[in-house]
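Notes to accompany the following structure.
Values quoted throughout were computed directly from the atomic coordinates according to the rules given, and no laboratory measurement underlies them. Fair warning: this is a prediction, and the values are worked out from it, not measured in the lab. Every residue, glycine as well, gets a Cβ built from its backbone with ideal geometry; the counts of neighbours run over all protein chains shown.
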Amino acid sequence: MISTALIGLGANLDNPRAQLERALEALDRLPLTDCTRYSRLYASKPVGPQDQPDYVNAVAELHTHLSPLALLDQLQALEQQHRRVRLRHWGPRTLDLDLLLFDDRSIVTPRLVVPHPEMLNRGFVMRPLADLLGPQKLSSLSNENLEMLAQRVEGDDLLPLGPQE
Ligand code: ROI
């Protein structure tokens, strides 16, 4: 069975844009998995502690034969390969990969909660997700459509990045 997974990517250390571009390529090379589409990249102000660099964020769509927990293992291994530094909770990091959605499933285990519990409150997730999926309603999450949710959470702290000079 093939499943569709949506992954949130974020980085704010060591050339975050290059981290995300490498991560998108690496997602496409995961076993039994293709990266089918991804959003544009956004520069975003940190949510949480402000004394850290701005983030670069994006969302990728995967088609995978992996189970949710097997995919989580792969995402965590990728974070390690990017030598994720995590100096403190909610502090800066080289690469953060969040499993946002897995088909229309809701999953609650000690290691993994899907849909990602914070996604609806985060413009840096909802804007790229809405760009990627269009205004469609996420019926498992909300009666509102995705575009309305994205507009509700975004302030002026997100900046679409153009092509690298
Ligand atoms: N803030 C932004 N803008 N982007 C992130 O990816 C991000 N990730 C986090 C916290 C620390 C919550 N803040 C963030 O984990």
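Candidates Leu138, Gly8, Gln80 compared by Cα position along the dipole of the chain: farthest toward the positive end lies Gln80, with charges placed on Cβ. Top mean-square fluctuation among Val113, Val59, Val125, Gaussian network model of the chain, C-alpha springs under 10 Å? So, out of Val113, Val59, Val125, the one fluctuating most is Val113.
For region 100-165, what class follows from the C-alpha gyration tensor (a ≥ b ≥ c being the square roots of its eigenvalues): rounded when a/c is under 1.5, otherwise prolate if a/b is larger than b/c, else oblate? Cα axes put region 100-165 in the prolate bin.
Evaluated with a Cβ-only charge set (Lys, Arg +1; Asp, Glu -1), the chain carries a dipole of roughly 340 debye about its Cα centre, given to the nearest 20.
As an exercise, use a Förster radius of 22 Å and the Cβ-Cβ distance of Leu161 and Asp51 to find the FRET efficiency, rounded to the nearest 0.05. Show your work: numbers first, answer last.
Working: r = 23 Å, r/R0 = 1.03.
Efficiency, rounded to the nearest 0.05: 0.45.
For region 3-160, what is the relative contact order in percent, using Cα pairs closer than 8 Å and at least 6 residues apart in sequence?
Values: 301 pairs, mean separation 43.6, N = 158.
This gives 28 percent for region 3-160.
Need the full-extension length gain, Val108 to Asn143, defined as separation in residues times 0.36 nm minus the C-alpha distance. One decimal, nm. Could you put the intermediate results ahead of the total?
On the way: separation 35, 0.36 × 35 = 12.60 nm, distance 2.11 nm.
Extra length from Val108 to Asn143 when fully extended: 10.5 nm.
If a/c stays under 1.5 just call it rounded; otherwise compare a/b with b/c (prolate if a/b is bigger, oblate if not). Do that for the chain, with a ≥ b ≥ c from the square roots of the Cα gyration tensor eigenvalues. Don't jump to the answer; show the numbers that get you there.
Details: a/c = 1.41, a/b = 1.09, b/c = 1.30.
Rounded is the answer for the chain, as its axis ratio a/c remains below 1.5.
Which of Leu112, Leu101, Leu66 moves the most in a Gaussian network model of the chain with Cα springs under 10 Å? Comparing Leu112, Leu101, Leu66 in the GNM, the peak value goes to Leu112.
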